[in-house]
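As structure tokens, the structure follows; a few thoughts come after it.
The values are calculated or read from the model by the stated rules, or taken from the named source; none is laboratory data. For clarity, every value in this text was computed on a predicted model and none was experimentally measured. Ligands, DNA and RNA are stripped out before the accessible areas are found, and what is left, the full protein with its side chains, is counted by its heavy atoms. Shrake-Rupley method; radii C 1.70, N 1.55, O 1.52, S 1.80 Å.
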Amino acid sequence: MNDSTIESYSAVLEKRLMKIRVATRGSALALKQTDIAIEYLKEYLEDVSFEKVIINTHGDKDQKTALYNLNTNGVFMKEVEKALLDDEADIAVHSLKDVPSVIHEGMALLPFEIFEDDRDCLISKNGLRLSELREGAVIATSSIRRMAAIHHIRKDISFVNIRGNINTRLKKFMESDCDAMILAAAGLKRLGLEEYISEYLDEDIIIPACGQGVIGIEVKRADLELYEKIMNNHSVKHQEILIAREFLRRSGSSCHYPVGLKARIMGDKIHINAMLGDNIDNTVFINKTYEMCDIDTLVNMIIEDLRKEI
């Protein structure tokens, strides 16, 4: 690369750094998470402005079909990602749990450093806890993972599908005959709606989706050098999320299946709660502590231990 080429390339970088176009869904939660992501990026990028590019995805348009019945993977992120591929945006902001374990080869995810509570939570009309719900109670959720986990401990409970953004689901639930609804705690907390939570459901009740509560920032691989300071920022939490996403990849699962993993690194050991199945009735669980090792070896052991439970 000659001096003139370097100068030209530097000018392009400088121009691009002046404004970063951020692709996002248009829901209240997506926009809130985008604001959080932008504030995070501002800590590392100086003299930069940001512009939101709102994308209306197929998952947003179809609010009736249960997530596990939608005939595509990454239903909430593919069209947002396409804005990057079409050069309509420079980065994309996602709920990481909606991002498939394998993304487009021209894209990359920045280190996972924006977290919120990863638990699911119960919302009931009378403030009842899960154990207090009546025999044969009906719970609203479109997540087969949540269904399988609840079915594992309360086989009397039945489920109905509920879709839409958080406020839409809250309204639908309040107007329904359902006894309770399950949502991710992270979304309610980010929108200041904690007062609706009747009970936080720890991983011994419902194992979180892989990357639940994490904001994922997707960028073009060609632009990675712009985010060099961020790429060098790897926390323990980031490592825990990498384990969950590698488990998701190796299991070959998605929102179409009951799959989840929570990793907790504790010095030279790591505690794993994991679940995997192909339907509500055929799901296995493990709750186990392993010696710290490389991710490939660890995930191999987790999958092998789950197979032993079948």
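Computed from the mean reciprocal separation of all distinct C-alpha pairs, what Kirkwood hydrodynamic radius does the range 176-310 have, in Å? Don't skip to the answer; put the middle values down first.
Working: mean 1/r = 0.0594 Å⁻¹.
After inverting the mean inverse Cα-Cα distance, the result is 16.8 Å.
Students often get this wrong, so check it: of K97/K308; K78/K269; K172/K237, which have C-alpha atoms separated by over 28 Å? Result: K78/K269; K172/K237 exceed 28 Å.
Counting only protein heavy atoms and using a 1.4 Å probe, what share of the accessible area of the chain belongs to carbon plus sulfur, as a whole percent? Present the calculation step by step, with values, prior to reporting the outcome.
Working: 6980 of 14650 Å².
The C+S portion of the solvent-accessible surface of the chain is 48 percent.
Here the range 191-263 has an Rg and Dmax of 15.6, 46 Å, counting Cα atoms alone.
Kindly report the accessible area of the chain per residue (heavy atoms of protein chains, probe 1.4 Å, no ligands, DNA or RNA), in Å².
Here the residues of the chain average 47 Å² of exposed surface.
In order along the range 22-27, the Karplus-derived 3J(HN,Hα) couplings, from 6.51 cos²θ - 1.76 cosθ + 1.60 at θ = phi - 60°, round to 10, 7, 7, 5, x, 5 Hz, and Gly and Pro are given as x. Taking 1.306 mPa s as the viscosity and 10 °C as the temperature, the Stokes-Einstein diffusion coefficient of the chain based on its alpha-carbon Kirkwood radius rounds to 77 µm²/s.
Considering only V53, V236, V93, the mean-square fluctuation computed in a Gaussian network model of the chain, springs between alpha carbons under 10 angstrom, is largest for V236.
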